[in-house]
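S.K.: What follows is a structure written as structure tokens; I'll ask about it next.
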Protein chains: 2
Amino acid sequence: MTKVREGYVRPLDIKNGRVDLTHGSGGRAMVQLIEELFARHFANEWLAQGNDGALLPPAGGRLVMATDAHVVSPLFFPGGDIGCLSVHGTINDVAVMGATPLWLSASFILEEGFPLADLDRIVASMARASKEAGVPIVTGDTKVVEAGKADGVFITTTGVGMVPEDLTLSGDRARPGDVVLLSGSIGDHGMAIMATRENLGFAAPIVSDTAALHGLIAAMLATDAEIRCLRDPTRGGLATTINEIARQSGVGVMLDEAAIPVNGEVAAACEFLGLDPLYVANEGKLVAIVAAADADTVLAAMRAHPQGSRAALIGEVVADDHHFVQMTTGLGGRRIVDWLTGDQLPRIC
Amino acid sequence: MTKVREGYVRPLDIKNGRVDLTHGSGGRAMVQLIEELFARHFANEWLAQGNDGALLPPAGGRLVMATDAHVVSPLFFPGGDIGCLSVHGTINDVAVMGATPLWLSASFILEEGFPLADLDRIVASMARASKEAGVPIVTGDTKVVEAGKADGVFITTTGVGMVPEDLTLSGDRARPGDVVLLSGSIGDHGMAIMATRENLGFAAPIVSDTAALHGLIAAMLATDAEIRCLRDPTRGGLATTINEIARQSGVGVMLDEAAIPVNGEVAAACEFLGLDPLYVANEGKLVAIVAAADADTVLAAMRAHPQGSRAALIGEVVADDHHFVQMTTGLGGRRIVDWLTGDQLPRIC
């Protein structure tokens, strides 16, 4: 893209500048922000079309579309930031449908006064996540609201992918006898956010697990095993995701507490803050409901992938007219694992 | 969809209730908000899948993807509200690419304490706009931020559509000799917002032109005329849109002030507030760059459609190495019509 009347405009002061209302007004300042910040990081042929939307190549198969608003606070946390999170979160929502994620859109709501240096860092992180995942950000939008009418930056990403004709993964396909697989430890993302917010000074900082899961999912699908459903246990944590599946499929689930991996520092932080890791958000973990006969095949494929090295069989699907999720505890008892009812962790993603 | 543990939960108090943080937490309250408010209004087979994304049928042709965040203030205004605006705006961004809009996603950022009755009214308006346009909202997301960290509700919509192989409309296709067509009066949306904000009491209220334009566009494309480019002059108004096209195509444009329709009350409000209607946002108008030989054909098609009844030929594309947009004024003079530089109208869409 060429600059708008190059001679007239000073380059954006990314180091010391701040977002102001003109950056959202549709005029020269907005074009400058788009070119010198967004397009510089996201550079790709579709964005370079410079139209109101992106014109993309034909794609075979059925479309999958998913969207997520991101309002995480703080914007920067150990292991990531709102930028990469907004790319990973939507890629994962597309990928758990069995689809190959192809394109992303990104829409920014900026608060007047937000430092351009922070915006630049966030957008660079998005661009990196997008490139690593091989899923370009092909179109976008920027709005600016007055100081005090937002909280720094909110980012909504929407993803489009394609799923082959013969593959349907859905939360209503779990059947009694199926097994529940989990790709790794739970609670890392949520507790990374909470530890930052609460200024908890553990010896080892808790690091968010934010990651794009489509590579792991592709490896699992390549086994041709009977995978009924995949889901990433984000807001509401593992407990809520398992309850969603139980309800959609009209089944119960029996989890085994001892089989669910929780990192030591996450367990400690949860205890300190009175939180249950089952309800804490993850941003790089996967739950798979799989036919029992294929459990070993899928587990092996997961463990052979870096993102699934700690994959575990954590429970089984059972017949239950109440669609309860229960858990056998360390002491040999059982407890009901209900939906998240209150608001354990606001603004976690 | 069935209710979450029906016995446990009281129905949402849509009349007197307010959004709280639990509505965004991923748990039971969020499911209830989705079912009793969003899904009730948006009801369609794709949303009913209840997964993290929507699985859509295969679609022929090339994909078009467009996204827009909506932060308009006030949320309700004569002629519309943030709900229908968020549907129209994104449908239009897809349609001006020559694509048939097929699906929308909707992502909500809600401020804690926002009245559920207002949310219900907004979502009902989105649903109505979506149904009228024949473009379903197939997937969505809801986040809630603390009181004071947003401004009521922000809505990001993303649209996907399909464009036939042999059609390419793009801002870089304008050529000297082409004509500039405009579908109707300018400034109505922006001045409806401003008049509401400023409490201007005109005899006749100014009504936003917010509307989905894909029907008008389909009628224009059906003529098989040589249409180079379509664009909806939203933020920054007609002046900015024409400048964008001039720049993308590397041409100049000569507009004829007398040919540009402006409603009397809009002109009066602009004069009162010291605004130039050329820079005021529209949400239901269209600019078309068309080969001169086809001007009459396209104009006739526009005028035969209710949304183009006042369509006019407002200028022509000229060779100009500076890519200036100029306008012949009522007095026979000429002036340069520059990009919007300051921030004339924040939060207009």
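S.K.: In the stretch A:66-95, how many are assigned to a loop (DSSP other than H, G, I, E, B), within 11 Å of chain B (Cβ to nearest Cβ) and either of a type in the set (D, E) or touching a strand residue (DSSP E or B) at 6+ places or on another chain (Cβ under 7 Å) (or both)?
M.R.: Qualifying residue count for the region: 1.
S.K.: Among the residues in the stretch B:301-317, are any crowded, with 18+ Cβ neighbours inside 10 Å, within 28 Å of B:A192 (Cα to Cα) and of a type in the set (K, R)?
M.R.: Scanning the stretch B:301-317 turns up no residue that is crowded, with 18+ Cβ neighbours inside 10 Å, within 28 Å of B:A192 (Cα to Cα) and of a type in the set (K, R).
S.K.: Another question, if that's okay. What are the pairs with Cβ atoms under 6 angstrom where one residue, in the stretch B:18-47, is over 21 Å from B:A127 (Cα atoms) and the other, located anywhere, is at pLDDT 90 or above and part of a loop (DSSP other than H, G, I, E, B)? Sequence gap at least six, or different chains.
M.R.: B:D20/B:E112; B:L21/B:E112; B:G26/A:R235; B:G26/A:G236; B:G27/A:G236
S.K.: Considering B:G171, B:G184, B:G215, which residue is within 30 Å of A:G161 (Cα to Cα), in a loop (DSSP other than H, G, I, E, B), in contact (Cβ under 8 Å) with a residue 40 or more places away in the chain and not assigned by TED's automatic domain parsing to the domain that holds B:G98?
M.R.: Selected residue: B:G171, the only one of B:G171, B:G184, B:G215 that is within 30 Å of A:G161 (Cα to Cα), in a loop (DSSP other than H, G, I, E, B), in contact (Cβ under 8 Å) with a residue 40 or more places away in the chain and not assigned by TED's automatic domain parsing to the domain that holds B:G98.
S.K.: Taking A:A204 as the residue in question, decide whether it is part of a helix (DSSP H, G or I) and either within 14 Å of another protein chain (Cβ to nearest Cβ) or out of contact with any Leu (no Cβ under 9 Å at 6 or more places or on another chain) (or both).
M.R.: Here the answer is no, as A:A204 does not meet what is asked.
S.K.: Return the residues of the stretch B:96-113 that are crowded, with 22+ Cβ neighbours inside 10 Å and in a loop (DSSP other than H, G, I, E, B); say none if nothing qualifies.
M.R.: B:V96, B:M97, B:G98, B:A99
S.K.: OK, next. Output the residues belonging to the stretch A:151-188 that are away from chain B (no Cβ under 14 Å), touching a strand residue (DSSP E or B) at 6+ places or on another chain (Cβ under 7 Å) and more than 20 Å from A:A222 (Cα to Cα).
M.R.: Hits for the stretch A:151-188 are A:R175, A:P176, A:G177.
S.K.: Being more than 7 Å from chain B (Cβ to nearest Cβ), modelled with pLDDT of 90 or more, out of contact with any Lys or Arg (no Cβ under 9 Å at 6 or more places or on another chain) and outside any helix (DSSP H, G or I) is the requirement here; does A:L63 meet it?
M.R.: Against the criterion (more than 7 Å from chain B (Cβ to nearest Cβ), modelled with pLDDT of 90 or more, out of contact with any Lys or Arg (no Cβ under 9 Å at 6 or more places or on another chain) and outside any helix (DSSP H, G or I)), A:L63 does not qualify.
S.K.: In this structure, does B:D224 turn out to be modelled with pLDDT of 95 or more, among the acidic types (D, E), farther than 29 Å from B:A133 by Cα and over 19 Å from the mean Cα position of the chain (by Cα)?
M.R.: no
Residues checked against (1) more than 17 Å from the chain's Cα centre (by Cα); (2) aliphatic (A, V, I, L, M):
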position: B:L85; (1), (2): no, yes
position: B:T90; (1), (2): no, no
position: B:W103; (1), (2): no, no
position: B:S107; (1), (2): no, no
position: B:E112; (1), (2): yes, no
position: B:A117; (1), (2): yes, yes
position: B:V123; (1), (2): no, yes
position: B:A133; (1), (2): no, yes
position: B:V138; (1), (2): yes, yes
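The values are calculated or read from the model by the stated rules, or taken from the named source; none is laboratory data. This is a predicted model, so every value here is computed, not measured. Neighbour counts run over all protein chains shown; Cβ positions are idealised from the backbone, glycine included.
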